[in-house]
Amino acid sequence: MNKILEVRGLSKIYGPGCPQCLESTGPEADTNLCPHCGSVVAIHDVSFDLFEGEILGVMGESGSGKSTVVKTLYFDQAPSSGEAIFFDNDRQYDLFSLNAAQQRWLRNHRFGMVYQNPNLGLNFNISAGGNIAERLLMSDLMDYGAIRERAKALLARTEVLLSRVDDLPKHFSGGMQQRVQIAKALATQPPLLFLDEVTTGLDLSVQARILDLILEIQQELKTAMVVVTHDLGVIRLLTGRAIVMKYGRVIETGLTDQILEDPQHAYTQRLVASAL
Amino acid sequence: MNPPILQVEGYGKHFQLHEQNKLIPSSHNVSFTVRAGELTALIGPTGAGKSSVLKGIYRTYLPSAGRILYRDAMGHELDLVLASEHQILELRRREIGFVTQFLHCLPRQATLDVVAQPLFALGVSRDVARQRAAELLSAMKLPERLWSVSPATFSGGERQRVNLARGFIAKPRLLLLDEPTASLDPATAERVIGLIEGLKAEGTAMLAIFHHPETTRRLADQVVELDPPPAVEELLEEIA
């Protein structure tokens with residue numbers, strides 16, 4: 001098994017920052033808001049490795065910084081400091097020292113992202129098929145017929161009715177919008193996929209089918225995934241390893257069954273106990 | 001004598017519950033050796049920490065003390081207490097199986113696929129893996145009409161057969177068994193015992209906890225008796 005992503009010391013501070021920011025925030029301080037300068041320490045010193053075909057869970061409550069982790073890796077936000085290396089076959093990319101064009105290229109070709117809010121992942125003013133075509137065009141597929149066929153195949157794979165290929169996503173149900181997002185993210189067959197609370201807010205039966213779909217895709221395509229969620233059920237179902245975050249810091253990391261059966265940190269113990 | 005593949009030295013496990021500010025001892029100072037092609041049985045009263053030893057080896061629990069030396073198929077020795085998460089996941093995929101007391105599986109998955117899963121993970125083709133799963137389920141007399149549905153609605157004994165078939169299918173080098181015959185009727189238990197003997201003959205090392213002393217007597221090449229861990233006060237004195 002080969003490493004696909006190596007993240008070291010990833011940090012993101014919103015605001016001016018001051019010398020006391022780090023010691024005044026985090027799980028011990030019970031806040032991520034620096035009382036001295038008002039900055040928000042969204043994440044500090046997050047490090048992990050991800051291997052090919054592996055699903056890593058990032059869990060924590062709102063404000064723990066878990067979404068910020070994937071947003072910096074997907075270049076939605078620039079980190080304040082830290083390093084991330086993406087290993088792609090024989091090449092490796094130092095993500096945060098790439099220029100904007102190189103970052104855009106990786107986003108369009110080698111990474112995929114599915115957001116909790118489909119507004120962020122989809123263009124609501126063009127059809128479902130068009131959304132996928134957009135991504136295929138960015139990745140250099142130019143033939144209209146080929147693009148349409150591929151878009152249809154992807155929507156069929158994610159169980160979106162083909163009769164709705166030309167409908168606007170804003171007329172879709174929440175679960176269907178997530179399926180279109182997943183189809184779009186998979187369009188370029190990326191080796192690395194980020195999933196940010198993708199089932200939060202959906203009906204339980206819809207959640208279950210989306211999660212089953214994600215698992216099937218992972219088994220078929222061996223896509224490596226970082227799954228951000230506050231839901232222990234999602235962690236249990238999808239992930240092999242997990243990291244637990246609180247107020248921007250990683251407080252625990254381990255094999256998923258170990259975190260659920262033998263959590264070490266007081267906060268994780270409370271989290272697991274309240275779920276069971 | 002067969003070569004040792006697992007050496008447990010001074011294994012200990014206690015849980016620290018932060019919320020209640022409590023220390024719960026689970027296993028204490030456990031040492032034994034497991035050899036290829038042999039079955040080692042753990043015995044002792046309830047609360048002696050038998051399951052805790054199995055979970056520590058599989059790293060579902062993080063051991064508190066001791067070393068767990070495992071010799072892998074390539075002949076490399078590694079301490080499972082210190083091994084990285086990726087090393088553990090790789091060993092679980094290729095070499096170490098665990099039949100837990102209760103079946104844990106993905107919801108909504110057909111029984112045949114639940115059983116075939118370890119072979120899927122090794123890259124065996126779906127058809128071949130399902131074929132092998134079907135053979136094992138027939139050998140355990142699980143009615144064929146159940147193969148295409150999820151084990152969610154199964155009886156205890158049916159689930160346990162699914163659990164065992166999944167544990168056996170990839171013929172692991174080391175198989176951990178936690179009361180695998182507890183809820184089976186005598187005839188099925190007999191078939192399972194036959195399968196365990198077959199696997200042993202093929203070289204699998206096994207570490208098992210059996211519900212019935214009679215099963216231990218029949219199958220075990222070695223018996224390790226565990227005593228309940230000492231009270232917290234003694235444990236703390238020892239640490240201090």
### Message
Here are the criteria: (1) within 27 Å of B:Leu106 (Cα to Cα); (2) assigned to a helix (DSSP H, G or I). Tell me which single one A:Glu159 does not satisfy.
### Response
(2)
## Note on the structure
Residues of region B:43-84 being without any contact (Cβ under 8 Å) to a residue 60 or more places away in the chain, of a type in the set (D, E, K, R), at negative phi and buried (at least 18 other Cβ atoms within 10 Å of the Cβ), in sequence order, are B:Lys55
#### Entry: Cβ-Cβ under 9 Å pairs, at least 6 apart or on other chains, region A:39-55 side within 14 Å of chain B (Cβ to nearest Cβ) and closer than 19 Å to A:Leu255 by Cβ, far side in a loop (DSSP other than H, G, I, E, B) and aliphatic (A, V, I, L, M)
A:Phe51/A:Met1; A:Glu52/A:Met1; A:Gly53/A:Met1; A:Glu54/A:Met1
### Residue match in region B:47-63 (condition: within 11 Å of chain A (Cβ to nearest Cβ) and among the aliphatic types (A, V, I, L, M))
yes
### Residue selected from region A:232-248 under the condition farther than 19 Å from A:Glu216 by Cβ and either in contact with a strand residue (DSSP E or B) (Cβ under 6 Å, 6 or more places away or on another chain) or aliphatic (A, V, I, L, M) (or both), by the criterion nearest to the other protein chains (Cβ to nearest Cβ)
A:Arg241
### Query
B:Phe154 fails exactly one of the following numbered conditions: (1) buried (at least 17 other Cβ atoms within 10 Å of the Cβ); (2) over 15 Å from B:Thr181 (Cβ atoms); (3) within 13 Å of chain A (Cβ to nearest Cβ). What is the number of that condition?
(3)
### Message
Criterion first (in contact with a Ser or Thr (Cβ under 9 Å, 6 or more places away or on another chain), surrounded by fewer than 20 Cβ atoms within 10 Å (Cβ to Cβ), of a type in the set (Asp, Glu) and more than 10 Å from every other protein chain (Cβ to nearest Cβ)) does A:Asp196 satisfy it?
### Response
no
## Note on the structure
Given (1) away from chain B (no Cβ under 11 Å); (2) at pLDDT below 95, A:Ile251 misses just (2)
### Task
Starting from residues that are assigned to a strand (DSSP E or B) and not polar (S, T, N, Q), keep the ones in region A:66-87 and report whichever is farthest from A:Met1 (Cα to Cα).
A:Gly82
### Query
Assuming A:Leu56 fulfils every condition listed in (1) modelled with pLDDT of 95 or more; (2) in contact with a helix residue (DSSP H, G or I) (Cβ under 7 Å, 6 or more places away or on another chain); (3) crowded, with 19+ Cβ neighbours inside 10 Å apart from one, which condition is it?
(2)
### Task
Just need a number here: residues in region B:222-240 that are surrounded by fewer than 17 Cβ atoms within 10 Å (Cβ to Cβ) and touching a Ser or Thr at 6+ places or on another chain (Cβ under 7 Å).
2
## Note on the structure
B:Gln160: passes all of (1) at pLDDT 95 or above; (2) touching a Pro at 6+ places or on another chain (Cβ under 8 Å); (3) more than 28 Å from A:Ile214 (Cβ to Cβ) but (1)
### Message
One residue is enough: does region A:172-189 have a residue meeting the conditions within 25 Å of B:Phe98 (Cβ to Cβ) and free of Cβ contacts under 8 Å to residues at least 24 places away in the same chain?
### Response
no
### Task
Please go through region B:1-21 and pick out each residue that is part of a strand (DSSP E or B) and either under 14 Å from B:Leu207 (Cα atoms) or in contact (Cβ under 8 Å) with a residue 24 or more places away in the chain (or both).
B:Pro4, B:Ile5, B:Leu6, B:Gln7, B:Val8, B:Glu9, B:Gly10, B:Tyr11, B:Gly12, B:Lys13, B:His14
### Task
Determine whether region B:94-104 contains at least one residue that is in a helix (DSSP H, G or I), more than 11 Å from chain A (Cβ to nearest Cβ) and buried (at least 19 other Cβ atoms within 10 Å of the Cβ).
no
### Task
Give the residue, chosen from B:Glu225, B:Glu179, B:Glu237, that is under 30 Å from B:Gln16 (Cα atoms) and in contact with a Phe, Trp or Tyr (Cβ under 8 Å, 6 or more places away or on another chain).
B:Glu179
#### Entry: Filter pass, A:Ala183 being touching a Ser or Thr at 6+ places or on another chain (Cβ under 7 Å), among the small types (Gly, Ala, Ser) and surrounded by 18 or more Cβ atoms within 10 Å (Cβ to Cβ)
yes
### Task
For region A:208-232, enumerate the residues that are free of Cβ contacts under 8 Å to residues at least 12 places away in the same chain and more than 20 Å from A:His109 (Cβ to Cβ).
A:Ala208, A:Asp212, A:Glu216, A:Gln219
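For every residue, the table says whether it meets (1) buried (at least 17 other Cβ atoms within 10 Å of the Cβ); (2) within 14 Å of chain A (Cβ to nearest Cβ); (3) touching an Asp or Glu at 6+ places or on another chain (Cβ under 6 Å); (4) assigned to a helix (DSSP H, G or I).
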position	(1), (2), (3), (4)
B:Leu89	yes, yes, no, yes
B:Arg92	yes, yes, no, yes
B:Pro107	no, yes, no, no
B:Gln117	yes, yes, no, yes
B:Gly123	no, yes, no, no
B:Ala133	yes, no, no, yes
B:Arg161	yes, no, no, yes
### Message
Please pick out the residue among B:Gly167, B:Gly97, B:Gly123 that is out of contact with any strand residue (DSSP E or B) (no Cβ under 9 Å at 6 or more places or on another chain), of a type outside the set (Ser, Thr, Tyr) and under 28 Å from B:Gly56 (Cα atoms).
### Response
B:Gly123
#### Entry: Residues satisfying the stated conditions in region B:140-166, i.e. basic (Lys, Arg) and in contact (Cβ under 8 Å) with a residue 24 or more places away in the chain
B:Lys141, B:Arg159, B:Arg161, B:Arg166
### Query
Got a number for residues in region B:22-57 being assigned to a strand (DSSP E or B), within 13 Å of B:Arg67 (Cβ to Cβ) and of a type outside the set (Ser, Thr, Tyr)?
3
## Note on the structure
Residues in region A:23-36 that are touching a Ser or Thr at 6+ places or on another chain (Cβ under 9 Å) and in a loop (DSSP other than H, G, I, E, B) total 6
## Note on the structure
By residue number, the members of region B:1-30 that are within 14 Å of chain A (Cβ to nearest Cβ), charged (D, E, K, R) and surrounded by fewer than 17 Cβ atoms within 10 Å (Cβ to Cβ) are B:Glu19, B:Lys22
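The values are calculated or read from the model by the stated rules, or taken from the named source; none is laboratory data. Keep in mind the model is a prediction, meaning the values are calculated, not measured. Ideal geometry is used to build each Cβ from the backbone, glycine not excepted, and the neighbour counts take in all protein chains shown.
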